[in-house]
1. Rank Met254, Met219 by accessible area, highest first, at a 1.4 Å probe radius?
2. Helix by helix through the chain, keep the DSSP H runs that span 15 Å or more along the axis on Cα and average at least -0.5 on Kyte-Doolittle, and give those back in order.
3. Over the chain, what relative contact order in percent results from Cα pairs under 8 Å that are six or more residues apart?
4. If Lys and Arg each add +1 and Asp and Glu each add -1, what is the summed charge of the other residues whose beta carbon sits under 10 Å from the beta carbon of Gly252?
5. With a Förster radius of 35 Å, plug the Cβ-Cβ distance of Tyr199 and Tyr223 into 1/(1 + (r/R0)^6) and report the FRET value to the nearest 0.05.
6. For region 20-168, rounded, prolate or oblate, judged on the Cα gyration tensor with a ≥ b ≥ c (square roots of eigenvalues), a/c < 1.5 rounded, else prolate if a/b > b/c?
7. Kindly rank 10-21, 67-78 from highest to lowest mean number of other beta carbons found within 10 Å of each residue.
8. I need the chymotrypsin sites (Phe, Trp or Tyr not before Pro) found in region 151-211, filtered to DSSP loop residues with at most 14 other beta carbons within 10 Å of theirs.
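The values are calculated or read from the model by the stated rules, or taken from the named source; none is laboratory data. Keep in mind it's a predicted model, so treat the numbers as computed, not measured. When we count neighbours, we look across all protein chains shown, and the Cβ atoms used for this are built from the backbone with ideal geometry, even at glycine. Note: accessible area is taken over every heavy atom of the protein model, side chains too, but ligands, DNA and RNA are not part of it. Shrake-Rupley method; radii C 1.70, N 1.55, O 1.52, S 1.80 Å.
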Amino acid sequence: MTSRSTGLLFALTAVIIFAVQDGISKHLGGAYPPLFVAMIRYWAFAGFVLIVAGRSSGGVKGAASANRLWLQIARGVILVFQIALSIFSFAEVGLAATHTIFAATPLLVACLSVPLLGEKVGWRRWTAIGVGFAGILMIINPLHATFDFRIVIPLIGTTMFALYSVLTRLASRTDTADTAFFYTGIAGAAAITLVGPFYWSHITLSDWFWMLTLCITGMTGHYLLIRAYSLVDAVAVQPMFYVQSVLVCLIGVMLFGEMMTINMVAGCAIVISAGAFTLWRESRLGKVPPPPIEPPGAL
């Protein structure tokens with residue numbers, strides 16, 4: 001296999017693992033407080049981050065050396081609570097509905113990049129953004145008589161992750177990817193540890209198995225994704241995250257008995273198409289910055 005084929009295989013395997021991880025998160029999030037589940041996940045992730053930093057050329061000290069420390073800390077704090085909100089959304093709103101909304105992340109990133117990064121978005125991408133948001137309206141179906149206001153939860157989660165992504169782009173102007181990855185794990189773990197213990201719960205022996213599996217899949221998925229980014233361009237890897245959305249929807253329907261309505265399927269197809277065009281347009285303009293290591297809800 002060529003290095004490109006190997007990299008794409010790593011990326012595909014990673015998003016499959018992340019999809020399975022989201023299914024486990026739904027199970028645990030329905031039985032235990034999401035902040036508690038997120039804290040356990042982040043403790044494991046922080047350990048993984050320290051191992052990766054220790055093996056880097058500059059070591060832990062080099063990875064922790066940030067030119068914009070507060071920006072890096074803010075990124076980590078935003079993401080950890082976005083992860084907790086994602087777990088809550090998986091349990092309360094459903095995997096399928098949550099990920100159809102998460103698919104709009106590239107569109108929100110394009111919008112936020114204008115005021116926060118000073119980037120220019122042309123009429124083609126604004127058109128794609130408008131079409132994508134029309135797809136979101138189709139998904140949430142606000143005019144339906146039984147409109148569920150819980151759909152606001154994944155909308156907030158998507159906005160938080162888009163903000164995290166834009167701040168990651170901003171931080172990449174002055175700090176290395178190793179530094180960004182370090183503070184994603186360490187700052188997030190520190191923040192969640194301040195509140196997570198208040199939600200400590202007794203975990204059954206069988207659920208400790210799922211919690212351990214959740215942590216292992218997170219570390220394995222991230223390792224494969226890091227390897228993928230080392231072999232192929234981020235532009236080639238990024239669309240793979242849409243495969244995760246499709247797989248998660250299948251898991252939600254087949255294992256958890258969730259329903260995918262016609263408007264959800266059609267709206268998701270529109271959002272994915274608009275997001276893919278936005279990513280393609282950014283790559284054509286040479287404006288694709290180093291992406292975040294993880295798709296929404298994947299830690």
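1. Most to least solvent-accessible, the answer reads Met254, Met219.
2. Counting only whole DSSP H runs, the qualifying helices are 3-31, 34-55, 69-92, 105-117, 123-140, 152-171, 177-195, 205-231, 240-256, 262-284.
3. Value for the chain: 42 percent.
4. In short, -1.
5. In this case the efficiency is close to 0.75.
6. Oblate shape, in that a/c is at least 1.5 and b/c is the bigger or equal ratio.
7. 10-21, 67-78
8. Qualifying residues, ordered by number: Trp200.
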